[in-house]
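The values are calculated or read from the model by the stated rules, or taken from the named source; none is laboratory data. All of these numbers come straight from a predicted model, not from anything done at the bench. Neighbour counts are summed over all protein chains in view; Cβ atoms, including those assigned to glycine, are modelled from backbone coordinates with ideal geometry. Quick note on the areas: whole protein, heavy atoms, side chains included, nothing else; ligands and nucleic acids left out. Shrake-Rupley method; radii C 1.70, N 1.55, O 1.52, S 1.80 Å.
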Amino acid sequence: MAAASSSDSDSGRAESSEASSKWLDAHYDPMANIHTFSSCLALADLHGDGEYKLVVGDLGPSGQHPRLKVLKGPTVLTESPLPALPAAAATFLMEQHEPRTPALALASGPCVYVYKNLKPYFKFTLPQLPPNPLEQDLWNQVKEMSLPSVPVFLEVSGQFDVEFRLAAACRNGNIYILRRDSKRPKYCIELSAQPVGLVRVHKVLVVGSNQDTLHGFTHKGKKLWTVQMPAAILTMNLLEQRSRSLQAVMAGLANGEVHIYHDKALLNVIRTPDVVTSLCFGRYGREDNTLIMTTRGGGLIIKILKRTAVFVEARGEAGPPPAQAMKLNVPRKTRLYVDQTLREREAGTAMHRTFQTDLYLLRLRAARAYVQALESSLNPVSVTAREPLKLHAVVQGLGPTFKLTLHLQNTSTARPILGLLVCFLYNEVLYALPRAFFKVPLLVPGLNYPLETFVESLSDKGISDIIKVLVLREGQSAPLLSAHINMPVSEGLEAT
């Protein structure tokens, strides 16, 4: 009885979870032996019968024995070997007469293979042979476009004969945007990390980076938003629900989750039993909204979006914060508040002039102090381009003996500095130093040189003073830079 009750409880929880989900679990096969990426997945009505098939450019286990697979539902319909690893797959229409059955283009190695009715039809080898004379004008326009780096992701929008935009994410960490009549990139988006995915959602370019972030840019390169992801992004693709005119971006993460975003708003999170490596959404079989995922272990997951499912933006991702709608507990107006308000209304001009006068005086005093610091070299960073130096001092110890470390650094890019001196100015009644003046070795650019000395406190009255450190050039009396060190009070007792 207890076992039956536990089983009923588990099944009840599973049914409740499935009822609250927006997806129906259509199929899951962890042993499907499919190893691919999102760019190698395509959905198309290959036979013109209204039954959409899944085309997979399979890399094979460990990148060996690549194959072209066509799936109908959960089963493999056809399978044929490929001469090299596939890079991308796409379907397109070649004929104008009915029935218009799409052809399949598959990039594999240095060639692009075109299949018609799942049979080899064309083979284009790169670099290409001389183009067909009928296509000469088209190729002349395309070949003039060049990029500064090798592209890894492409997104194209528009029509070639009218107007189009091409966004290319390259290996140098930049995204270049070209237009129909431009020979060079018209806009450049500089990323702070390498791109791992590129998807166009309406007029927004959504870019995933290897810093676990998702960015949204306009076609002119203006950043719109940034979302921090909970794990590394492994794959990205577009989710388009035509019945509701919804476009969103799907991101498969390394923590076994698939996040769906509309702009920066999180719409849905799908948790999978294994890490997802490829995503594809569209019509599969006779279902319009089907999500197909393959996992790192070679599994196949098929989910169907419920017809009643509506994606709602998660709270806190967009719109005003909840605290904005809370009513503030404003205190009652006192007599003092009313009198002060009347005073400000009557003497507003005079108060503004007084404020401006004080502000100008503050700026003048700050400028004078800055000029005085430059003239007397009282700053820890030199302002001359000939000796670009930086000084930092650290005092260690409880006393009466302190360890004083000066960190001197040459901030030049390529030129070493030689012939510098360090001088200490201090009260000889309170402190004693073994060397109050010494030479500095050759300073190599970019390295931090620690210069150590010891300071002995001579007073037992619990008082301290300032020790001035000057960095000078041989033959010059004006210091290059200086530092004032506030010595701590000696707390230790000298052993007798």
Summing Lys, Arg as +1 and Asp, Glu as -1, what charge do residues with Cβ under 14 Å from the Cβ of T357 carry, T357 excluded?
+2
Cβ-based net charge around L389, under 13 Å, with every Lys or Arg adding one and every Asp or Glu removing one
+3
Say R0 is 51 Å: what FRET efficiency, to the nearest 0.05, do R345 and R368 get from their beta-carbon distance?
0.90
Which of rounded, prolate or oblate describes the range 247-316 when judged by the alpha-carbon gyration tensor and an a/c cut-off of 1.5?
oblate
Order these peptides, 204-212, 346-354, 100-108, by their mean beta-carbon neighbour count within 10 angstrom, highest first.
204-212, 100-108, 346-354
Report the local net charge at T36: Lys and Arg +1, Asp and Glu -1, summed over other residues whose C-beta lies under 12 Å from its C-beta.
+2
As I understand it, the dipole of the chain uses +1 on the Cβ of Lys and Arg and -1 on the Cβ of Asp and Glu, about the Cα centre. Which of A193, P445, F164 lies farthest toward its positive end?
F164
Got a number for carbon plus sulfur as a percent of the range 154-197's accessible area, 1.4 Å probe?
42 percent
Among 47-54, 73-80, what's the highest-first ranking by average C-beta atoms within 10 angstrom per residue?
47-54, 73-80
In debye to the nearest 20, how big a dipole does the chain give about its Cα centre with +1 on each Lys and Arg Cβ and -1 on each Asp and Glu Cβ?
1340 debye
Of the peptides 24-35, 296-307, how do they stack up when ordered by the mean number of other Cβ atoms within 10 Å, highest first?
296-307, 24-35
Membrane-span-like helices (DSSP H runs, Cα span along own axis at least 18 Å, mean Kyte-Doolittle at least -0.5) in the chain -> 348-375
For n ≥ 4 DSSP H runs only, could you compute -39500 (n - 2.57) per run for the chain, divide by its residues and tell me the 222 nm figure to the nearest 500?
-4500 deg cm²/dmol
Net lengthening on full extension, R435/R296 (0.36 nm per residue, minus Cα-Cα):
43.4 nm
Taking R0 as 51 Å and r as the Cβ-Cβ distance between N33 and R415, the FRET efficiency 1/(1 + (r/R0)^6), rounded to the nearest 0.05, comes to 0.25
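How compact is the chain by the rule of thumb for globular proteins, expressed as Cα Rg over 2.2 N^0.38 Å?
On the way: Rg = 35.4 Å, N = 496, 2.2 N^0.38 = 23.3 Å.
Ratio of Cα Rg to 2.2 N^0.38 Å: 1.52.
How much length is gained on full extension from V338 to L442, taking 0.36 nm per residue of separation minus their Cα-Cα distance? Don't skip to the end; give the middle numbers.
Details: separation 104, 0.36 × 104 = 37.44 nm, distance 6.93 nm.
The span from V338 to L442 would gain 30.5 nm if fully extended.
Stretched out fully, how many nm does the piece from W225 to I466 gain, at 0.36 nm a residue minus the Cα gap?
This chain segment gains 81.7 nm when fully extended.
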